[in-house]
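For reference, the structure discussed in these notes is given below.
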Ligand code: FPP
């Protein structure tokens, strides 16, 4: 969800104003995906590196996560959304962890859109955590393969993403789902996240629908 800071700067506002409007874009993205029949939406809300941002910005984001949860859980429930926070949840304050876990528990039985919110998340950290877990479980060498590794990632029961959307013209992966995006289709838009609304999201999905996904095969083979 890139470009919150730039959006605010363009308007002469503090960076946090961009995050606040960015939360509205997220709400709209969830609604749009649910309506469009998307089964999984995974958003990058806070990276392992974001802890290094100025203290005030980190503090504001924590408050925003907490307030958004208070405000939106009932609506998510109504819309049959299954919410999960994935990442190093242990890095958050005990209060916020409690709130995240309570929201996940409350929405865990829902059968509509799966909303995965990546927090204190890094693709490399996730792979390191998976290796540590595999060692703890003493997984034998001959059982270590791509499928097994996938089962030790935070996203164990989430299919690999079909479409990766990058807002604010970012042409890099920024440590997001490094393992899972091996064959994701990438869509880059100059639109900043606070302006990325229903119209922009549907345009990305339409663009995706025109791609030819070959997964390493030839065009003829996939016909
Ligand atoms: C990146 O833009 C955005 C973030 C680090 C925060 C994203 C959080 C939200 C959109 C708030 C809503 C989320 C939840 C889960 C309620 P940036 O700050 O790097 O923007 P810039 O690249 O323009 O500086």
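Some notes on this structure:
- Residue check, residue 129 over 21 Å from residue 38 (Cα atoms), over 17 Å from the mean Cα position of the chain (by Cα) and in contact (Cβ under 8 Å) with a residue 40 or more places away in the chain: yes
- Lone unmet requirement of (1) over 25 Å from residue 52 (Cα atoms); (2) buried (at least 16 other Cβ atoms within 10 Å of the Cβ); (3) touching a residue at least 40 places away in the same chain (Cβ under 8 Å) for residue 202: (2)
- Failed item, numbered, when residue 188 is tested on (1) in contact with a strand residue (DSSP E or B) (Cβ under 9 Å, 6 or more places away or on another chain); (2) without any contact (Cβ under 8 Å) to a residue 24 or more places away in the chain; (3) within 22 Å of residue 83 (Cα to Cα): (3)
- Residues (closer than 25 Å to residue 7 by Cα and surrounded by fewer than 16 Cβ atoms within 10 Å (Cβ to Cβ)) located in region 167-187: 169, 170, 171, 172, 173, 174, 186
- Qualifying residue in region 100-107 (condition: within 12 Å of the ligand (Cβ to nearest atom) and in a helix (DSSP H, G or I)): yes
- Looking across region 1-38 at every residue that is under 19 Å from residue 81 (Cβ atoms) and near the ligand (Cβ under 8 Å from one of its atoms), the one that is surrounded by the most Cβ atoms within 10 Å (Cβ to Cβ) is identified as 22.
- Pair list, Cβ under 6 Å, 6 or more apart: region 165-177 residue on the phi < 0 side of the Ramachandran plot, other residue part of a strand (DSSP E or B): 165/187; 166/188; 176/44
- Given (1) farther than 30 Å from residue 11 by Cβ; (2) assigned to a loop (DSSP other than H, G, I, E, B), number of the condition residue 128 does not satisfy: (2)
- Within region 63-104, the residues that satisfy the criterion of being over 23 Å from residue 31 (Cα atoms) and either buried (at least 19 other Cβ atoms within 10 Å of the Cβ) or more than 16 Å from the chain's Cα centre (by Cα) (or both) are 87, 90, 91, 92, 93, 94, 95, 96, 97, 98.
- Selection status of residue 95, in a helix (DSSP H, G or I), more than 12 Å from the ligand (Cβ to nearest atom) and modelled with pLDDT of 95 or more: yes
- Region 39-63 - residue that is within 10 Å of the ligand (Cβ to nearest atom) and not in a helix (DSSP H, G or I) and, of those, nearest to residue 84 (Cα to Cα): 43
The values are calculated or read from the model by the stated rules, or taken from the named source; none is laboratory data. All values derive from a computational prediction rather than experimental measurement. Positions of Cβ are generated from backbone atoms using ideal geometry, with glycine treated the same way; all protein chains shown enter the neighbour counts.
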